[in-house]
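**Student:** Pasting a structure here, questions to come.
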Amino acid sequence: MPYDDSNIFARILRGEIPCNKIAEDDHALAFHDIAPQAPVHALVIPKGAYTDFDDFSANAPDAELAGFWRMVGQVGRMLGVAQSQSGGGYRLISNAGADAHQEVPHFHVHLVGGHPVGRMLPGAG
């Protein structure tokens, strides 16, 4: 699927739509979700134009791959949900494609925590 540069995250990256920014560097932007599903719910997006994790993992340069994942860890620590700080931890979620109900065609990770988040999938052991 080709990248659609009119998606909401591309527009946020261009400054056309505001966000409640948590952190930003040369490779990634992190901000609070506008419809949080947990007490802590942040989004981390790479600055490059990648549709999903498969696209990102196959095509992002090493510096962007490393920078993105470092930002994810930094955000967990900044928001106080890193296990090393609170003992509670957090969940990372990234939906890829229609079967996973990906809503925005720009690779992103949801970082959710601040309370127990339950099982990963309904009926999972």
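The values are calculated or read from the model by the stated rules, or taken from the named source; none is laboratory data. This structure is a prediction, so every number in the text was calculated from the model and none was measured. Because the Cβ atoms are built from the backbone with ideal geometry, glycine has one as well, and the counts that use them run over all protein chains shown.
**Student:** Please go through the range 104-120 and give me each residue that is hydrophobic (A, V, I, L, M, F, W, C) and assigned to a strand (DSSP E or B), ordered by number.
**Tutor:** Answer for the range 104-120, where residues must be hydrophobic (A, V, I, L, M, F, W, C) and assigned to a strand (DSSP E or B): VAL109, LEU111, VAL112.
**Student:** For the range 1-22, give me the residue count where each residue is surrounded by 15 or more Cβ atoms within 10 Å (Cβ to Cβ) and farther than 15 Å from TYR50 by Cα.
**Tutor:** 2
**Student:** Out of the residues in the range 61-71 meeting the condition of being of a type outside the set (Asp, Glu) and surrounded by fewer than 19 Cβ atoms within 10 Å (Cβ to Cβ), tell me which one is farthest from GLN102 (Cα to Cα).
**Tutor:** ALA63
**Student:** Looking at ALA49, ALA42, ALA35, ALA30, which is the one that is aliphatic (A, V, I, L, M), in contact (Cβ under 8 Å) with a residue 40 or more places away in the chain and assigned to a loop (DSSP other than H, G, I, E, B)?
**Tutor:** From the options ALA49, ALA42, ALA35, ALA30, the qualifying one is ALA49.
**Student:** Starting from the range 1-20, keep only residues that are at negative phi, then list their pairs with residues that are at pLDDT 95 or above and part of a helix (DSSP H, G or I) whose Cβ atoms are within a distance under 7 Å, requiring at least 6 positions of separation or different chains.
**Tutor:** Pairs found: ILE17/ILE8; ILE17/ARG11; CYS19/ILE12.
**Student:** Go through (1) farther than 26 Å from TYR3 by Cα; (2) small (Gly, Ala, Ser); (3) in a helix (DSSP H, G or I) and name the single condition ALA66 misses.
**Tutor:** (1)
**Student:** Out of everything in the range 23-43 that is closer than 17 Å to GLY114 by Cβ and either acidic (Asp, Glu) or surrounded by fewer than 14 Cβ atoms within 10 Å (Cβ to Cβ) (or both), what residue ends up being nearest to the chain's Cα centre (by Cα)?
**Tutor:** Per the stated criteria, the residue is ASP33.
**Student:** Could you tell me whether any residue of the range 70-88 is touching a Pro at 6+ places or on another chain (Cβ under 6 Å) and either without any contact (Cβ under 8 Å) to a residue 40 or more places away in the chain or not in a loop (DSSP other than H, G, I, E, B) (or both)?
**Tutor:** No: the range 70-88 contains no residue that is touching a Pro at 6+ places or on another chain (Cβ under 6 Å) and either without any contact (Cβ under 8 Å) to a residue 40 or more places away in the chain or not in a loop (DSSP other than H, G, I, E, B) (or both).
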